[in-house]
1. Taking the Cβ-Cβ separation of Ala257 and Asn132 as r and a Förster radius of 30 Å, what is the calculated FRET efficiency to the nearest 0.05?
2. May I ask for the angle, rounded to the nearest 10°, between helix 296-312 and the longest principal axis of the chain, with both axes built from Cα atoms and the value confined to 0 to 90°?
3. Subtracting the Cα-Cα distance from 0.36 nm times the residue separation, let me have the gained length for Leu19 to Ile150 in nm, one decimal.
4. Report the label-to-label distance for Arg72 and Glu100 in nanometres (one decimal), using points 7 Å from each Cα along the Cα→Cβ vector.
5. Please find, in a Gaussian network model of the chain (springs between Cα atoms separated by less than 10 Å), the residue of Val152, Val129, Val192 whose mean-square fluctuation is greatest.
6. Pop out the ³J(HN,Hα) list for segment 329-334 in order, Karplus 6.51 cos²θ - 1.76 cosθ + 1.60 with θ = phi - 60°, rounded to Hz; leave Gly and Pro as x.
7. For a label point 7 Å from the Cα of Val370 along Cα→C-beta, name the residues of segment 1-38 whose backbone N is under 12 Å from it.
8. Can you list the residues, at least 5 places off or on another chain, whose amide H is less than 5 Å from the amide H of Gly338, using H built in the peptide plane?
Amino acid sequence: MRFWFSIPLWQRVLGGLVLGLIIGAIWGPEAAVLKPIGDIFLAAIKMLAVPMIFATLSAGVASLGDPVKLGRLGGKAILIFMGTAVVAVVMGVGLGVLIEPGAGLAVEGLKSPVTPPPPSFVERLLGIVPQNPFASFAEGEILQILVFAILVGVGCVLGGERTQPLVRVLEAGAEVMIKIAGLVMELAPFGVLGLMAWVAGTYGLEALKPLAVLGGTLYLGCLLQAALVYTGLLKLMGLSVKAFFRGISDAIAVAYATASSSATLPVTLRCVERNLGVDKPTASFVASLGSTVNMDGTSMYLALAAIFGAQAFGIDLSFVDYIGIILTSLLASIGAAGVPSAGLIMMSIVLVQAGVPLETIAIVAGVDRVLDMARTAVNVTGDATTATVVAKWEGRLDQKVYDSDDDV
Ligand code: ASP
């Protein structure tokens, strides 16, 4: 038992993937009897998505505290958060359509029979305001839950001191969800084994190649996001790109190694303050908020994964579906917590909305860690870029510190 837990989770999940592939390859189509193990894992992931979105987002907005902070600084930060996220998610869709990472998998035959038809775009738009938030929770209406979560957070900010008990409950709720996510992920090695055995049993080891293509596509997207979007923003502000990346290299390395924006936050803060000369209030406000709501790498990945799943399961996506994928990926990334595999949990939302089978989650879960590392590095780079750009914009950047090369 001790030995089992001494192996890092991602290595156990990878082990599950390899073992599942071997079992499937040897056993053939009958390996499908192992599929229910994977289904339990998927059900547990689905269970978490709604409460995690609500708790994380409402607590994140509520923690902004001071309504004045919500004003200028917040407005600019949110503008940049949204702008960069939209580019990231559109890039995810573009790369998914161009490279077609899921095409080689072609697991149409494995499609589960009960995929609910996705609602139309207009229905989605009209349905944004929850008439009854409890019904929204019960039905898993993500857009409505997001709207309600943001409003609860705003209500807490406006209510000031007297709402603090609720803020603490929401924060505790977010913490509990993160802890449960940790438990659910302990099922991942077995779930992934079961589902990969099923996939490999039916399709052979060919199933592995599309995963490599998916990984390559995400890494390419992440590089493009950094090279075009973040670099472009810094240049627009007249800031040296070299000094920026030199200054935040530690944060990028820690993000890549830990696959957690939240765990990286102290390092991110230290880098933007100490190396880039962003003043403390801007750094703590923008980077802290960003570590939970600003996840460009995650939103790109969610869109890409949905397209991967659609290609693998032979589902034709219409233009409206793509818009839906873009919207839900953006929103789900906002609601994801900054912990390893949060993107995997949020994926259930994007897949359900797009009518893509949830089995996609288990297919990509085996390699998720490697993809998580890249998207977390992008998430953190996005937070640092936004903090730096907002500081410069607001005249709160110490240019001497930014340009100096005595970074730690
Ligand atoms: N691990 C990511 C983060 O902490 C979230 C995700 O899973 O995409 O930023």
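1. 0.10
2. 20
3. The Leu19-Ile150 span can extend by a further 42.9 nm.
4. 5.3
5. Answer for the Gaussian network model of the chain: Val129.
6. Once rounded to whole Hz, the list reads 5, 4, 5, 5, 5, 5.
7. Residues passing the 12 Å test: 14-15, 18.
8. Ser262
Every number in this text was worked out from the coordinates using simple rules, so none of it is lab data. Computed from a prediction, not measured in an experiment: that's the story for all the values here. When we count neighbours, we look across all protein chains shown, and the Cβ atoms used for this are built from the backbone with ideal geometry, even at glycine.
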